[in-house]
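Undergrad: Below: one structure in structure tokens.
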Amino acid sequence: MLEENISIISLAQLKDNYSYLILNNKKVIIVDPAESSQIIRYIENNQLNLIAILLTHHHLDHTAGVKKILNNFSIPVYSPDLSIEHTTNVVKNRDFIDLDFIEMEVIKTPGHTSDHIVFYNKTNRILFSGDTLFRLGCGRVFEGTNEQMFQTLKKINSLDDKTMVYCGHEYTYANLDFLISIFPNHKDLIAEQKKIESQIAKTDQSIPFNLGREKIINPFLSTKSEIYRIFKNENNFSDIEMFSYLRNLKNKF
């Protein structure tokens, strides 16, 4: 449960992106605005007071809405690098950002990009994972290495099982299809498919999702997942070899 008076609005943007609004009474924080018009309209229609923008990394599908938002509001923009346009406050690993009604811990998560960070609130157990962790998957490794992504996911794996994850894209069905192509009769995947279908039928979205459940079923996240162990034992891989093998298979899927 979120603290009283705190809520999160997920906005589907572009083709398959998510941007988020963290709300407390009439105050709001934006995470990764891919587009601006929908966000500005929501803020103005609800007469909200915009406090800040949080950016997980430099890709345009997570930052493109910032410019027009700043044309309408004068607020700080927190990001991992000054090279990200419109950044006012650079944050680094283990920084804590006091955002009036909520505090965010910054966790450095290189792999998808070299500058990637995620935002974690321990009190409410919420994680904005950007393009690092997805439901049943993880981000494609563009600028970093498989070793970096593997170590990054170990950091996320150490967070509280009750954490609810808000990721950057709606990739869940694609990730599920990939895993089912390898394990067509796996009981956990079949059960998860039913849960996902039910959630999407009710909300049109597969997010947020529970981190503890991901540790059981997501082979990219946890070396303790049954799927990971089966795959690893069949191929006699080390953990990093196993992760790299899975990531490369997913890239080609």
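The values are calculated or read from the model by the stated rules, or taken from the named source; none is laboratory data. Fair warning: this is a prediction, and the values are worked out from it, not measured in the lab. Backbone-built Cβ (ideal geometry, glycine too); neighbour counts: all protein chains shown.
Undergrad: Quickly run through the stretch 179-200 and pick out the residues that are among the β-branched types (Val, Ile, Thr) and under 22 Å from residue 251 (Cα atoms).
TA: In the first step, residues of the stretch 179-200 are kept if they are among the β-branched types (Val, Ile, Thr); the result is 180, 182, 190, 196, 200.
Within the stretch 179-200, 180, 182 qualify.
Undergrad: Which residue out of 129, 181 is touching a residue at least 24 places away in the same chain (Cβ under 8 Å) and in a strand (DSSP E or B)? Steps first, answer last, please.
TA: Details: 181 fails: in a strand (DSSP E or B).
Every option except 129 fails the conditions.
Undergrad: So residue 104 clears everything in (1) in contact (Cβ under 8 Å) with a residue 40 or more places away in the chain; (2) part of a loop (DSSP other than H, G, I, E, B); (3) over 20 Å from residue 214 (Cα atoms) except one condition, right? Which one?
TA: Looking at each condition in turn, residue 104 falls short on (2).
Undergrad: Which residue out of 68, 92, 27, 108 is within 16 Å of the chain's Cα centre (by Cα) and among the basic types (Lys, Arg)?
TA: Details: 68 fails: within 16 Å of the chain's Cα centre (by Cα); 92 fails: within 16 Å of the chain's Cα centre (by Cα); 27 fails: within 16 Å of the chain's Cα centre (by Cα).
It is 108.
Undergrad: Now for a different question. What's the total number of residues in the stretch 144-174 that are surrounded by 19 or more Cβ atoms within 10 Å (Cβ to Cβ), without any contact (Cβ under 8 Å) to a residue 60 or more places away in the chain, farther than 14 Å from residue 223 by Cα and in contact with a Gly (Cβ under 9 Å, 6 or more places away or on another chain)?
TA: Residues meeting the conditions: 3.
Undergrad: Oh, and also: Only one of these conditions is not met by residue 116: (1) at positive phi; (2) crowded, with 19+ Cβ neighbours inside 10 Å. Which number is it?
TA: (1)
Undergrad: Can you name the residue in the stretch 6-24 that is more than 18 Å from residue 130 (Cβ to Cβ) and free of Cβ contacts under 8 Å to residues at least 60 places away in the same chain and is also surrounded by the most Cβ atoms within 10 Å (Cβ to Cβ) among such residues? Walk me through how you get there before you give the answer.
TA: The first filter runs over the stretch 6-24 and keeps only residues more than 18 Å from residue 130 (Cβ to Cβ), leaving 6-7, 23-24.
Restricting the remaining residues to those that are free of Cβ contacts under 8 Å to residues at least 60 places away in the same chain gives 7, 23.
Numbers: 7: 12, 23: 19.
Here the answer is 23.
Undergrad: Quick one: in the stretch 43-63, which of the residues that are exposed (fewer than 15 other Cβ atoms within 10 Å of the Cβ) and outside any loop (DSSP other than H, G, I, E, B) is nearest to the chain's Cα centre (by Cα)? Please lay out each step first, then the result.
TA: Going through the stretch 43-63, the residues exposed (fewer than 15 other Cβ atoms within 10 Å of the Cβ) turn out to be 44-47, 49, 60.
With the extra rule that they be outside any loop (DSSP other than H, G, I, E, B), the set shrinks to 44-45, 49, 60.
Working: 44: 26, 45: 27, 49: 25, 60: 16 Å.
Top of the filtered list is 60.
Undergrad: A follow-up question, please. Please verify whether the stretch 185-196 includes one or more residues that are out of contact with any helix residue (DSSP H, G or I) (no Cβ under 9 Å at 6 or more places or on another chain), in contact (Cβ under 8 Å) with a residue 12 or more places away in the chain and surrounded by fewer than 14 Cβ atoms within 10 Å (Cβ to Cβ).
TA: no
Undergrad: Right, residue 141: over 22 Å from residue 230 (Cβ atoms), touching a Gly at 6+ places or on another chain (Cβ under 7 Å) and of a type in the set (A, V, I, L, M, F, W, C) or not? Quick ask: steps written out before the conclusion?
TA: Working: over 22 Å from residue 230 (Cβ atoms): yes; touching a Gly at 6+ places or on another chain (Cβ under 7 Å): yes; of a type in the set (A, V, I, L, M, F, W, C): yes.
Taking the combined requirement at face value, the residue satisfies it.
Yes/no per residue for (1) within 24 Å of residue 147 (Cβ to Cβ); (2) acidic (Asp, Glu); (3) modelled with pLDDT under 95; (4) in contact with an Asp or Glu (Cβ under 8 Å, 6 or more places away or on another chain):
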{"position": "61", "(1), (2), (3), (4)": "no, yes, no, no"}
{"position": "70", "(1), (2), (3), (4)": "no, no, no, no"}
{"position": "89", "(1), (2), (3), (4)": "no, no, no, no"}
{"position": "92", "(1), (2), (3), (4)": "yes, no, no, no"}
{"position": "117", "(1), (2), (3), (4)": "yes, no, no, no"}
{"position": "129", "(1), (2), (3), (4)": "yes, no, no, no"}
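Undergrad: Could you pull out the residue among 96, 134 that is on the phi < 0 side of the Ramachandran plot, among the hydrophobic types (A, V, I, L, M, F, W, C) and surrounded by 20 or more Cβ atoms within 10 Å (Cβ to Cβ)? Can you show your working first?
TA: On the way: 96 fails: surrounded by 20 or more Cβ atoms within 10 Å (Cβ to Cβ).
Checking each option against the conditions leaves just 134.
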